[in-house]
Amino acid sequence: QMKKQCDQKLLIRMKTKCVPCSLNLNTQCPAGYTKITNGTGIPDCRYYLEIKTHTLSFPGCRHQCVKEFEQPECCQGHWGPDCMGK
């Protein structure tokens, strides 16, 4: 009995919005995602503040989040919605 279904595991990565590092401690990932950075996150971004006619840019922090996702796929030599075709 050969396996017909060979699901692919995908890792979806995303980063949260850039905010002042001091405020980033409590930042949560979207539902279903797991935070893989801790503390204030990664200081690799800039956030912007608009003051009247000027836009000021400040260094900020963000968190990295991951979500595991299984993509249904048929094993080699099988096809169709239920992978029964050969």
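We did not get these values from a lab; they are worked out from the coordinates using the rules stated. Here the structure is a predicted model, which means the values were calculated and not measured. So basically every Cβ, Gly included, is an ideal-geometry build from the backbone, and we count neighbours across all protein chains shown.
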Under 5 Å, built H, 5+ apart or other chain: amide partners of Cys74
Cys6
In a GNM of the chain with a 10 Å cut-off on Cα contacts, which of Cys29, Cys45, Cys18 has the highest mean-square fluctuation?
Cys45
Between Arg46 and Lys4, Cβ-based FRET efficiency (R0 41 Å, step 0.05) works out to 0.25
Tyr47 long-range amide H proximity, modeled H, under 5 Å
Phe58, Gly60
Phi-derived 3J(HN,Hα) across the stretch 9-25 with the Karplus relation (6.51, -1.76, 1.60, θ = phi - 60°), rounded Hz, x for Gly and Pro, is 8, 10, 10, 9, 10, 8, 10, 6, 5, 6, 9, x, 3, 5, 8, 7, 4
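Based only on Cα atoms, what Rg/Rh ratio does the chain have, Rh being taken as Kirkwood's radius?
Dividing the radius of gyration by the Kirkwood radius yields 1.32.
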Calculate one ³J(HN,Hα) per residue across the stretch 76-81 by plugging θ = phi - 60° into the Karplus curve 6.51 cos²θ - 1.76 cosθ + 1.60, and present them in order as whole Hz with x for glycine and proline.
4, x, 10, 7, x, x
Please sort by residue number the trypsin sites (Lys or Arg not before Pro) in the stretch 26-57 whose DSSP state is loop and whose Cβ has at most 12 other Cβ atoms within 10 Å.
Lys52
